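The values are calculated or read from the model by the stated rules, or taken from the named source; none is laboratory data. Note that the structure is a prediction, hence the values are computed from the model and not measured. Cβ: placed from backbone, ideal geometry, glycine included. Neighbour counts: every protein chain shown.
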Amino acid sequence: MSSNPFQRDWDNKETASSMPPTQAAQEESGAPDQIIQSPPTVTATTEPTTTTAPTSDSNETPPPLDESNNDQQGGVINIADPHRKRLNSSSHNIKEMSNETEFDNTVVGSPPPPPPPPPSPHPGSHQHGHQQPSSHTLNHDTLTKHRADIPQHGWRRATYRLTAGLINPGISPTEKARQQLRERVRRRLHAPHRVAVLSVKGGIGKTTLTACIGYAIAEIRGDQVAVIDANPDAGTLADRLTGDTSLTIRHLLNDIHTLNALTDVTSYMTLAGRLKVLSSDQDPATSEALTANEYTQVIQLLSKYFNLIITDCGTGISHDTMTPTLKMAHSLIITGSPTIDGASRAAHTLDWLNNHGYTHQANNAIVVLNHKDTSPDIDTHRITEHFQNRTRAVITLPHDPHLAAGGRINFHRLHPTTTHALTEISAHIADGFPTP
């Protein structure tokens, strides 16, 4: 065997290649001075030298060295360099260290891996059919503790307050019905709606009813509602609501061509809560009677700025403003009473409307029976049944001592049954709003 150590290494590798794998691994592990055949990652740059091929007793030549890495590094590894074993061992250790530190198995000098895809803006939003919440989920019903179900009257309210809300018996059926009525009053309105309150008999409560209905609708709906006193004989609508009659419908007519905004119009009106009031002339001796053309101009102006306009017509049905009032009104309210005289006058009004071409208005009218005057001798059920067969609705307005006094109306002093009846009348008016 040759004494050349490098030739001896080649001979040992030739012998290992012919051994079984297990024996070759044992032989390899038992030879600590054997050269590791892994391409060096650390290159030792030396001066170019000429290497003499070793002699061997065998005719086989050693395999050629892979000098591709040396060519890239710009130098040649001297195979006779005694530090070859130490360089190969160092490169092997560096490679193991790089794998242990988990540098994503990248090679030095290679381009960086692509960045991970950005996370979804709403992770899980499309999984299992779930939809993302929107601003519509934050509303009164979801953020409050069922305030609509808190009782406001009777023993239910007392129980709720005494237990600090721990026991809530809920609202009564009567209170639930009241809430539903208010929702009907708040029905969406897409165009101005005009209402006329009329009666052929004076002293039956027509003006009081007009004031109460206007106030109830304005407070429940919250939009622009106006009442007009069209009585040519010194009407008392403003007296029952505000007591201020310094500016009247006559002043508005004198300046009607200069009014171009809501604030211009309301400067001629008084305010009762949210209700706007336009009074009539108070001195019949010096004032001029309202003509049909003048009434039409006023209604056309108010229709530009108000959602609901309620007219308190004069007593009777033969004055000049009655014709444009009936033609421009969308809803009619006929005032009567559960008496022989009051019931017959209301029925006569319906007959007159049917005979003068206002059959549609008569069939859709609302009859209000004011119980300010009543008698146990009268069959009120028969009166109610008569008007139910001829009109859209019949409402009973109970006797209220505050209204019977005839003074300025304080709506907080009305009896709850009166307030409920006014809300019911307002709901029936809203039922007549046209649909788009």
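Screening Gly342 against (1) touching a Leu at 6+ places or on another chain (Cβ under 6 Å); (2) farther than 20 Å from Ser426 by Cα leaves a single unmet condition, (1).
So how many residues does the stretch 168-197 have that are outside any strand (DSSP E or B) and in contact with a strand residue (DSSP E or B) (Cβ under 9 Å, 6 or more places away or on another chain)?
So the answer is 2.
Scanning the stretch 396-418 for residues that are within 9 Å of Cys212 (Cβ to Cβ) and of a type in the set (S, T, N, Q) returns a single hit, Thr418. In the stretch 188-212, which residue that is under 30 Å from the mean Cα position of the chain (by Cα) and not basic (Lys, Arg) is farthest from Ala346 (Cα to Cα)? Applying the filter and picking the extreme gives His190. Of the helices (runs of 4 or more DSSP H) lying entirely inside the stretch 234-301, the ones with 3 or more residues being without any contact (Cβ under 8 Å) to a residue 60 or more places away in the chain and out of contact with any Asp or Glu (no Cβ under 6 Å at 6 or more places or on another chain) are found at 249-254, 262-266. Here Thr315 qualifies as among the polar types (S, T, N, Q), in a loop (DSSP other than H, G, I, E, B), touching a residue at least 12 places away in the same chain (Cβ under 8 Å) and under 26 Å from Ile217 (Cβ atoms). Does Ala285 satisfy the condition of being out of contact with any strand residue (DSSP E or B) (no Cβ under 7 Å at 6 or more places or on another chain), assigned by TED's automatic domain parsing to the domain that holds Thr396 and either modelled with pLDDT of 90 or more or under 26 Å from Ala346 (Cβ atoms) (or both)? Spelling it out, it is not the case that Ala285 is out of contact with any strand residue (DSSP E or B) (no Cβ under 7 Å at 6 or more places or on another chain), assigned by TED's automatic domain parsing to the domain that holds Thr396 and either modelled with pLDDT of 90 or more or under 26 Å from Ala346 (Cβ atoms) (or both). Residues of the stretch 164-181 that are modelled with pLDDT of 90 or more and either β-branched (Val, Ile, Thr) or surrounded by 14 or more Cβ atoms within 10 Å (Cβ to Cβ) (or both): Leu181 alone.
Assessment of the stretch 342-351 against the conditions (touching a residue at least 12 places away in the same chain (Cβ under 8 Å), more than 13 Å from Ser199 (Cα to Cα) and either touching a helix residue (DSSP H, G or I) at 6+ places or on another chain (Cβ under 7 Å) or among the β-branched types (Val, Ile, Thr) (or both)) yields no matching residue.
The criterion of at least 2 residues that are in the same structural domain as Leu332 (by TED's automatic domain parsing) and aliphatic (A, V, I, L, M) is met by the following helices (runs of 4 or more DSSP H) wholly inside the stretch 369-436: 401-404, 416-431.
Out of everything in the stretch 225-265 that is among the charged types (D, E, K, R) and surrounded by fewer than 22 Cβ atoms within 10 Å (Cβ to Cβ), what residue ends up being nearest to the chain's Cα centre (by Cα)?
Here is the first cut: in the stretch 225-265, the residues among the charged types (D, E, K, R) are 229, 233, 239-240, 244, 250, 255, 264.
Remaining after also requiring surrounded by fewer than 22 Cβ atoms within 10 Å (Cβ to Cβ): 233, 239, 244, 250, 255, 264.
On the way: Asp233: 49, Asp239: 41, Asp244: 41, Arg250: 44, Asp255: 42, Asp264: 33 Å.
The residue in question is Asp264.
Does the stretch 397-411 contain any residue that is of a type outside the set (Gly, Ala, Ser), within 18 Å of Ala196 (Cβ to Cβ) and crowded, with 16+ Cβ neighbours inside 10 Å? Within the stretch 397-411, one or more residues are of a type outside the set (Gly, Ala, Ser), within 18 Å of Ala196 (Cβ to Cβ) and crowded, with 16+ Cβ neighbours inside 10 Å. Scanning the stretch 288-304 for residues that are modelled with pLDDT under 90 and either crowded, with 16+ Cβ neighbours inside 10 Å or within 44 Å of the chain's Cα centre (by Cα) (or both) turns up just one, Leu290. Taking the stretch 249-280 as the range and being at pLDDT 90 or above and polar (S, T, N, Q) as the test, the residues that pass are Asn254, Thr258, Asn260, Thr263, Thr266, Ser267, Thr270, Ser279. Of the residues screened, His356 is not one that is surrounded by fewer than 23 Cβ atoms within 10 Å (Cβ to Cβ) and in contact (Cβ under 8 Å) with a residue 60 or more places away in the chain.
Is it the case that the stretch 336-358 has a residue that's β-branched (Val, Ile, Thr) and touching a Lys or Arg at 6+ places or on another chain (Cβ under 6 Å)?
No, the stretch 336-358 contains no residue that is β-branched (Val, Ile, Thr) and touching a Lys or Arg at 6+ places or on another chain (Cβ under 6 Å).
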